[in-house]
Amino acid sequence: MNRQICLATNNKGKLREYREILAPMGFVIYSPKDLNIDLDVEENGKDYRENSYLKALAFSKLVPFPVLADDSGLEILALNNFPGLHSSRFADSCGGYPQAYEEIFSRLKGKDRSARFRCCICFLENTTAKPLYFEGLCPGYILEKPSGDHGFGYDPIFHSEEADIDFGLADEETKNKYSHRFKAIQKLKLYFAIG
């Protein structure tokens with residue numbers, strides 16, 4: 001039996017990643033666009049957990065089934081975990097990801113390039129349910145220049161230590177084994193399996 005869930009994002013890359021990981025378990029993942037919902041939630045929480053909850057709650061008020069929302073970001077250790085919570089907005093402020101890459105390269109000159117992707121998923125059964133959180137980390141470092149054109153967001157400038165590959169060169173199957181989102185989703189899957 002298929003279980004319907006709304007994923008609170010219209011990011012095509014993120015939507016594809018969730019579907020590839022959860023569809024084999026019998027989940028049908030709808031995006032807001034699939035449901036004719038046009039909602040832009042202000043992400044003004046103090047951390048990833050708050051932002052994911054704000055999105056989940058807003059969409060939970062509009063759909064008759066559970067909602068998944070996540071917040072994620074790239075954290076560069078030498079830059080005090082910047083851009084972190086503001087990863088997407090930072091790219092927008094630069095005029096797009098290619099320009100954001102160049103700004104990051106400039107800020108990292110002569111500094112340690114250690115970095116990680118962080119993801120926090122909020123699962124909300126309904127508006128009155130207790131939110132459940134699942135987190136994942138993907139350690140690595142920032143490359144000297146973009147590599148490949150696979151993935152999305154900051155993938156082309158990130159080397160995954162565990163996968164030992166530049167995410168911009170990794171196919172979806174490889175990335176899905178090591179990504180921060182995959183790790184968070186694995187914890188969610190475990191919850192579904194024992195719940």
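Read-outs throughout are calculated quantities, based only on the coordinates presented, and are distinct from any laboratory measurement. A quick note: this is a predicted structure, and the numbers were derived from the prediction, not measured. Cβ: placed from backbone, ideal geometry, glycine included. Neighbour counts: every protein chain shown.
I need L124, L39, L22 ordered by Cβ neighbour count within 10 Å, fewest first.
So the residues, fewest neighbours to most, are L39, L22, L124.
How far is the Cα center of segment 27-44 from the Cα center of segment 133-180, in Å?
So the separation of the two Cα centres works out to 25 Å.
List the pairs from K55/K177; K55/K145; K46/K189; K12/K175; K33/K175; K111/K177 whose alpha-carbon separation is above 23 Å, in the order I gave them.
Cα-Cα > 23 Å for K55/K177; K55/K145; K46/K189; K33/K175; K111/K177; rest within.
Explain nothing, just compute: Karplus ³J(HN,Hα) = 6.51 cos²θ - 1.76 cosθ + 1.60, θ = phi - 60°, for every residue of segment 114-126 in order, whole Hz, x for Gly and Pro.
4, 7, 7, 9, 10, 9, 10, 9, 10, 10, 10, 5, 6
5 Å is the cut-off here: which amide hydrogens, built 1.01 Å from N in the peptide plane, fall below it relative to A115, excluding neighbours closer than 5 in sequence?
Here the answer is L77, G140, Y141, I142, since their amide H atoms fall under 5 Å of that of A115.
For segment 173-179, what does the Karplus curve 6.51 cos²θ - 1.76 cosθ + 1.60, with θ = phi - 60°, yield as ³J(HN,Hα) per residue in whole Hz, taken in order and with x for Gly and Pro?
Running phi through 6.51 cos²θ - 1.76 cosθ + 1.60 with θ = phi - 60° gives 4, 5, 4, 5, 7, 10, 5 Hz.
How long are the semi-axes of the equivalent ellipsoid of the chain, defined as square roots of 5 times the Cα gyration tensor eigenvalues? Whole Å, largest first.
Numbers: eigenvalues 167, 65, 44 Å².
The answer is 29, 18, 15 Å, longest axis first.
I want to check the label-to-label distance for H86 and I37. Put each point 7 Å from Cα in the C-beta direction and report it in nm to one decimal.
If labels sit at H86 and I37, their model points lie 2.9 nm apart.
How big is the dipole moment of the chain about its Cα centre under a simple scheme where the beta carbon of each Lys and Arg is +1, that of each Asp and Glu is -1, and everything else is neutral? Debye, nearest 20, please. Write out the running numbers ahead of the final one.
Numbers: 25 positive and 28 negative charges, 96 e Å.
Using only the charged Cβ atoms, the result is roughly 460 debye.
Tell me what the chain gives for mean residue ellipticity at 222 nm when only DSSP H runs of n ≥ 4 count, each as -39,500 (n - 2.57), the sum divided by the residue total, rounded to 500 deg cm²/dmol.
It comes out at -10000 deg cm²/dmol, rounded to the nearest 500.
Compute the long axis of helix 48-60 from its Cα atoms, compare it with the longest principal axis of the Cα atoms of the chain, and write down the angle in degrees, 0 to 90, nearest 10.
Tilt of helix 48-60: around 40 degrees.
For segment 3-194, with the dipole built from +1 on Lys and Arg beta-carbon atoms and -1 on Asp and Glu ones, taken about the Cα centre, which of P156, F117, V28 lies farthest toward the positive end?
Toward the positive end, the furthest listed residue is V28.
Helix 97-107 against the longest principal axis of the chain: what's the angle in degrees, Cα atoms only, rounded to the nearest 10?
The answer is roughly 50 degrees.
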